[in-house]
Amino acid sequence: MKYYAIIVAGGSGTRMHSAVPKQFLLLNGVPVLMHTLNAFHSCQTEPELIVVLHPNSHDYWESLCNEHNFTVPHKLVSGGETRFHSVKNGINSIEEDDAIIAIHDAVRPLINCEIIDESYDCAEKYGNAIVAIKSRDSVRQIKANRSVSLNRDEIYLIQTPQTFQSAQLKNAYQQPYQETFTDDASVVEQTGVNINLISGSYQNIKITYPEDIAIAEFLLKQ
């Protein structure tokens, strides 16, 4: 079986209040994206790596690789108008019809090999595997201008990687884009496929705001 990981790195850095896209920000002296690629490269599954970047960022990324002597093998693919289109471009770069494909946010650099390998194993057996964690907080939903309490034991927060058998994923991405597609699981679910959740990690944070860099640096030092 052939394994792939599509690393989606199209963030602009707006919420970071940074001119540099967040996937290129330094985390313990190394760009965030390099930490993410290293995590997948170090796994037992040894997936082939595909990095989806805005075409205007390709030269900058290559200069960063030279500057940091980064030699992890990967293919560069141009991103699209939305995350949906960027993922679709990554999928279209894979020729194999029988493969397992993980899709991961470039700005989740603290993902660990145990979760990555489990996601490939589960997807190979059951069709897909979506990493998720239970909500630690009480949850309320606004309905008709009233807040309604939800059972937090039934609430899961979705992370990445989200891993699929290639046929399932390629079929789903033949659909036209919809604004309701919030992640890859929602795209696949629209085709009637059941979504399988596996346990994630509370340390698998997404670098979104400035304080997230400080948190990630602390966690890495542990």
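Which is the longest stretch in the chain that no exposed loop site breaks, taking sites as GluC sites (Glu not before Pro) with a DSSP loop state and at most 10 other Cβ atoms within 10 Å? Write down the numbers at each step before the final one.
Numbers: sites that count: GLU81, GLU95, GLU179.
Excluding the exposed sites themselves, the longest stretch runs over 96-178.
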Region 2-221: Lys pairs at Cα distance under 22 angstrom, eight or more positions apart or on different chains: 15
Radius of gyration, Dmax [the chain; alpha carbons; angstrom]: 17.4, 55
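Please state the relative contact order of the chain as a whole percent: Cα pairs under 8 Å, 6+ residues apart? Working shown, then result.
On the way: 398 pairs, mean separation 51.9, N = 222.
Dividing the mean separation by the residue count of the chain yields 23 percent.
Report the chymotrypsin sites (Phe, Trp or Tyr not before Pro) located in region 163-222 that are in a DSSP loop and have at most 12 other Cβ atoms inside 10 Å of their Cβ, or state none.
Numbers: sites: PHE164, TYR173, TYR177, PHE181, TYR202, PHE218; in loops: TYR173, TYR177, PHE181, TYR202.
Passing sites in region 163-222 are TYR202.
Please give the net charge around ILE205, taking every other residue with its beta carbon less than 9 angstrom from that of ILE205, where Lys and Arg add +1 and Asp and Glu add -1. Before the final figure, lay out the partial values.
Numbers: positive: ARG108, LYS206; negative: ASP212.
Value of the local net charge: +1.
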ASN194 versus LYS143: modelled label distance in nm, points set 7 Å from Cα along the beta carbon direction: 2.6 nm
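If you restrict to DSSP beta bridges whose two residues both lie in the chain, what percentage is antiparallel, to the nearest 5? Please report the intermediate quantities before stating the final value.
Working: 17 of 37 bridges.
Of all bridge pairs located within the chain, approximately 45 percent are antiparallel.
A short reminder: the numbers here are calculations on the coordinates, not readings from a lab. Just so it is clear, the model here is predicted, and its values are computed rather than measured. FYI the Cβ positions are ideal-geometry reconstructions off the backbone, even for glycines, and counts take in every protein chain you see.
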